[in-house]
Every structure is written in C-alpha cells, then in structure tokens.
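Student: First the structure, then my questions, so here it is.
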Amino acid sequence: MLVKQVPDLLLRNLETMRKSQPRLVEKLEARIQELPSLPEGVIREVPSGRWVEGVLDRSFFEPADPGLSSGSDRQARYCFLVEGLGYPPYFFHVLRNLPKDALSVVALETNLDLLLCTLALTSVYHALPKGCRIAFVVSEDRDLIDEALWHCVVPLGIFP
C-alpha cells in the first residue's frame, strides 16, 4: 500500500484501474514509492501547443487533431487507440469527444510519470462514454499488454 501523500483523485483512479489492470497499478504504486515526490507538471504553452513541463524534458509533439469531431458523414468507429497522453486536459478532451457508442480506448504511454500526473489531475474514467472501457499500455512487458488487451479488446469480441 502507498505511504506517501497521494492526491485523492489519483487514489480513486488507481482503485478504479485496479479492477481491470491490477498489474499496472502495482507498477504505478512501485513508481510512486521510487519518486522523491509525485510529479507535479506545469502546463506550458509553446509555439506548437501545450506540454507538461517538469514531467517531460521537452515538448515532443506536433499539433494534432484527434479526429473525433462530431459529423454525420463520419464512419462508425468503436475501438480507439491513443498514442501518448499529451497533457492531462487534452487527454480528458479526447475522451470527452469520443462517440457515445465507443466501446474501448487503448492508450499507449511509456512515461509512467506522465501517466501518474494525468491520473492525479484528470478523472479519466468519468470522461469516457457510458459503457466504454479504457486500458493503458505502458511498456513492452507482455503481461501488462495482455492485461490491457484482455480488459479492453478481447471481451468485446474484437480481435487484434
């Protein structure tokens, strides 16, 4: 169990995540114990957008349109892959703009500190459409990948 002072939102997100990705929660809790203090990123505006200073060494992105605008001519999509969380309000915005019939989201983020910062600042589970599942893939560890895909993809009848 965690001994450090951890924000309530992060604890709630970890408890929700524990139901679907217990191995990932163990990895995140171990990372929290390794850190002298939790990552407290500062959102910084740069010419190409916003990034989390203090968690990442430099901005790493190109401006991107998440492609989730609501339009009647849009093809039906049910499973979404998000590569990199960006900064917490952006990720929340991406989740909020998913179609109401979205079934799952798989988020790829290899920076554990950025994932911890996002979970401490954003209620990702409340941003999802009703019935939509989310899983985080954080490394090449096969057990963690299987755990994420088992929760998010396989039970829905969608096969990679």
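The values are calculated or read from the model by the stated rules, or taken from the named source; none is laboratory data. All figures in this text were calculated on a predicted structure; none of them were measured in a lab. Because the Cβ atoms are built from the backbone with ideal geometry, glycine has one as well, and the counts that use them run over all protein chains shown. Accessible surface areas use protein heavy atoms only, side chains included; no ligands, DNA or RNA. Shrake-Rupley method; radii C 1.70, N 1.55, O 1.52, S 1.80 Å.
Student: Among the residues of the stretch 126-152, how many are closer than 15 Å to Pro99 by Cα, open to solvent by less than 50 Å² (accessible area, probe 1.4 Å) and part of a helix (DSSP H, G or I)? Show your work before the answer.
Tutor: Our first condition is that a residue be closer than 15 Å to Pro99 by Cα; within the stretch 126-152, this holds for 126-134.
With open to solvent by less than 50 Å² (accessible area, probe 1.4 Å) added as a condition, the list becomes 127-129, 132, 134.
From the residues that got through so far, the ones that are part of a helix (DSSP H, G or I) too are 127.
Residues in the stretch 126-152 being closer than 15 Å to Pro99 by Cα, open to solvent by less than 50 Å² (accessible area, probe 1.4 Å) and part of a helix (DSSP H, G or I): 1 in total.
Student: Something else now. Determine which single condition Arg77 fails, assuming it passes every other condition in (1) open to solvent by 90 Å² or more (accessible area, probe 1.4 Å); (2) over 22 Å from Val138 (Cα atoms); (3) modelled with pLDDT of 90 or more.
Tutor: Against the list (1) open to solvent by 90 Å² or more (accessible area, probe 1.4 Å); (2) over 22 Å from Val138 (Cα atoms); (3) modelled with pLDDT of 90 or more, Arg77 comes up short only on (3).
Student: Return the pairs, sorted by first residue and then second, in which the second residue is in a helix (DSSP H, G or I) and of a type outside the set (Phe, Trp, Tyr), the first residue lies in the stretch 90-104 and is closer than 20 Å to Leu114 by Cβ and open to solvent by 70 Å² or more (accessible area, probe 1.4 Å), the beta carbons are less than 8 Å apart, and the residues are 6+ apart or on different chains.
Tutor: Arg96/Ala127
Student: Got a sec? Which of Leu98, Leu119, Leu85, Leu114 is part of a loop (DSSP other than H, G, I, E, B), of a type in the set (A, V, I, L, M, F, W, C) and closer than 19 Å to Arg12 by Cβ?
Tutor: Exactly one residue qualifies, and that residue is Leu85.
Student: Then there is this: Since Pro47 meets every condition but one in (1) surrounded by 18 or more Cβ atoms within 10 Å (Cβ to Cβ); (2) modelled with pLDDT under 85; (3) farther than 18 Å from Val138 by Cβ, which condition does it not meet?
Tutor: Failed condition: (1).
Student: When you scan the stretch 110-125, how many residues do you find that are of a type outside the set (Phe, Trp, Tyr) and open to solvent by 20 Å² or more (accessible area, probe 1.4 Å)?
Tutor: 7
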